[in-house]
Each structure stands twice: as C-alpha cells, then as structure tokens.
Amino acid sequence: RGTLGVLARVSWLGAHHVLLLVEDRTEVRRVEEVRRDFVVNVSHELKTPVGALSLLAEAVAGAADDPEAVRHFASQMQRESVRLADLVKEIIDLSRLQSAQGVVQPELLDVDGIVREAIERTGSVVRARGADVVVAGERRTRVVGDRELLVTAVRNLVHNAVAYSPEGSRVVVEVRRVGGNAEISVIDRGVGIPAADLDRIFERFYRVDPARSRSTGGTGLGLSIVKHVAANHGGEVVVWSVVGEGSTFTLRLPDATEAAASSAPLRVPA
Ligand code: ADP
C-alpha cells in the first residue's frame, strides 16, 4: 500500500486502433483485502456458536437420564441458536448495505415512528436489564429513507446503550432538528468507551470488551451496520463518550420536515 500501482493493458482492436485500459490497482487490491478479511472474520465468528452447539448436543446425549440437565443444556442450545440466527441476519444485512448505492426504497418517514418501533424491538434486552428507555425532543421531524434500515440502525444504538449500562439504567432517545439535519441521539450513562477505541468501534467485529459483548448477545456488527445505513442515507453517525460516565451516539440524517410540510396535501372539498 502507499504506492499507487497502475496496470495498463493494451489490446489490439485492429490495425490502427489501440485500447488502453488503466485501472488503479491500489484500490482494487484494497477492496480485495477488505473482502478477504471479512470472509476470514465471518468464518471465525460463526465457529463460536457452531462449536458451542456441537458441545451442547454431546452434553444432552450424555445426560439422557437426567431430565434437569437435559433441560439446562437444551435452553443453552436455544440461546446459541438465537445467537447464530442473529449473526447470520446481520452478516446478510451488512453485505447488502455494502453493495447498495444509496437507499433502495425511499419513503417519507416520521422519525417518532422509527424511534418507537426501534425501542419495541429492543424489548428483550430492555426487560432483561430492567432498563428505562424514554423518548424526548421534537415529535414532528421527518426524513426520507428506508424504514426497515432506519429502524434497525436506531434499534442497534438503543440495544448497545442498554447492554453497556448498569442494570436498571435510564436511556434517553432525543430527536432534534439542527442546521438542515434531523438528529437522533441515544444517550446512556453506562460504561463509556476509551478514547483509543472510539474510531475503531464502527469496524466489523471490533469490540472493546469481547466478554461483555458476548454476554449481552452482541455480534460485533451492530455499529458497522449503523455506519452503513447512515452513509446510504447521505448522513453520518458520531459518538461522544467518556469512560465511566456514558456515551451519546448521534445518527444525523438530512431533515425533510419542511420540504414535506410545504407540499401541502390536497384538500378534498366537503
Ligand atoms: P456488539 O455487538 O459487540 O455490541 P457493536 O458493533 O454494536 O458490537 O459495538 C462495538 C463495540 O463498541 C461493542 O462491543 C462495545 O465495546 C462498544 N460499544 C458500542 N456501544 C456502546 C455504548 N453505548 N457504550 C459503551 N460501549 C459501547
């Protein structure tokens, strides 16, 4: 890397025509490396739940005359299967997002509705950790985007805020309109993120504390998905965090509130 590698290919098209193809090999090689790393990481990550399931199956077979042990191992198998299904879903989501240019199915959306649905989808972790998730800010904000992708992005941020905070914590989801953008901030008072890790947490499978991520059902792909959803919507995600004090993740998207209001709906005369 660092040096620009250029490949020039000359093809004879006929007696007087020459086609010169120049491509930037550095970029080609970089994309190839990223793809190869992804495949290696994915295989590694899949091995963990698959290995656990195989061991648990052996344990069940060995404990056939102990119903209590069978129940215990079966419930662990159930948990590992859910982890495996989540991981596969996120890998598919991420590879779709990486290959898509922009938003495939744009709609005019209420941010309030996106936030509420995202919170509903974090129900199991919120209940398990006794968290309190509250919504604040401007209720009538609108954006243009893909509903499913935006709900997934906000859900991932709320899931993390709850997972990386002490039990019984409060998480605030605040919606604001600032300088042409709609901002959805997810604010927690949890463990925080060391400064040295801040620019790496959006990488695929990067975790500050792998044991904690695993214990809360993390896949290591959540923030990478958020970053790609933001980029595909012409937006960005930014983070502010202090260890021991908490974190704020802000998803910033182009604000469509006024544009939507100015194209007034047709009034049907009575
Ligand atoms: P994971 O599935 O491990 O949560 P993510 O991609 O969602 O994967 O996040 C990457 C890492 O960033 C996490 O493992 C965690 O270390 C850190 N992280 C993400 N959100 C928070 C948060 N709200 N508070 C503290 N750490 C966080």
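Residue count for segment 137-185 under the criterion of being β-branched (Val, Ile, Thr), under 20 Å from VAL125 (Cα atoms), in contact (Cβ under 8 Å) with a residue 60 or more places away in the chain and touching an Asp or Glu at 6+ places or on another chain (Cβ under 8 Å): the result is 1. Taking the listed residues VAL162, VAL173, VAL133, the one that is of a type in the set (Val, Ile, Thr), in a helix (DSSP H, G or I) and surrounded by 19 or more Cβ atoms within 10 Å (Cβ to Cβ) is VAL162, with no other qualifying.
The residue of segment 142-159 that is farthest from the ligand (Cβ to nearest atom), among those that are part of a helix (DSSP H, G or I) and of a type in the set (D, E, K, R), is ARG147. For segment 72-100, the tally of residues that are more than 17 Å from the chain's Cα centre (by Cα), without any contact (Cβ under 8 Å) to a residue 60 or more places away in the chain and closer than 30 Å to ALA230 by Cβ stands at 0. Considering segment 188-210, the residues that are among the acidic types (Asp, Glu) and assigned to a loop (DSSP other than H, G, I, E, B) include one that is nearest to the ligand (Cβ to nearest atom), namely ASP209. The residue of segment 250-264 that is most open to solvent (accessible area, probe 1.4 Å), among those that are of a type outside the set (A, V, I, L, M, F, W, C) and out of contact with any Asp or Glu (no Cβ under 6 Å at 6 or more places or on another chain), is GLU258. If you go through segment 176-187 and keep only what is within 11 Å of the ligand (Cβ to nearest atom) and open to solvent by 10 Å² or more (accessible area, probe 1.4 Å), you end up with just ILE187. Of everything in segment 223-249 that is in contact with a Ser or Thr (Cβ under 8 Å, 6 or more places away or on another chain) and more than 12 Å from the ligand (Cβ to nearest atom), the residue that is most open to solvent (accessible area, probe 1.4 Å) is VAL238.
The requirement of being closer than 30 Å to GLU33 by Cα and part of a helix (DSSP H, G or I) is fulfilled nowhere in segment 245-261; no residue meets it.
Given (1) within 7 Å of the ligand (Cβ to nearest atom); (2) touching a residue at least 60 places away in the same chain (Cβ under 8 Å); (3) among the polar types (S, T, N, Q), where does SER213 come up short, assuming only one miss? The failed condition is (2).
The values are calculated or read from the model by the stated rules, or taken from the named source; none is laboratory data. All figures in this text were calculated on a predicted structure; none of them were measured in a lab. Here Cβ is always computed from backbone atoms with ideal geometry, including for glycine, and neighbour counts include all displayed protein chains. What goes into the accessible areas is simple: the full protein's heavy atoms, side chains included, and nothing from ligands, DNA or RNA. Shrake-Rupley method; radii C 1.70, N 1.55, O 1.52, S 1.80 Å.
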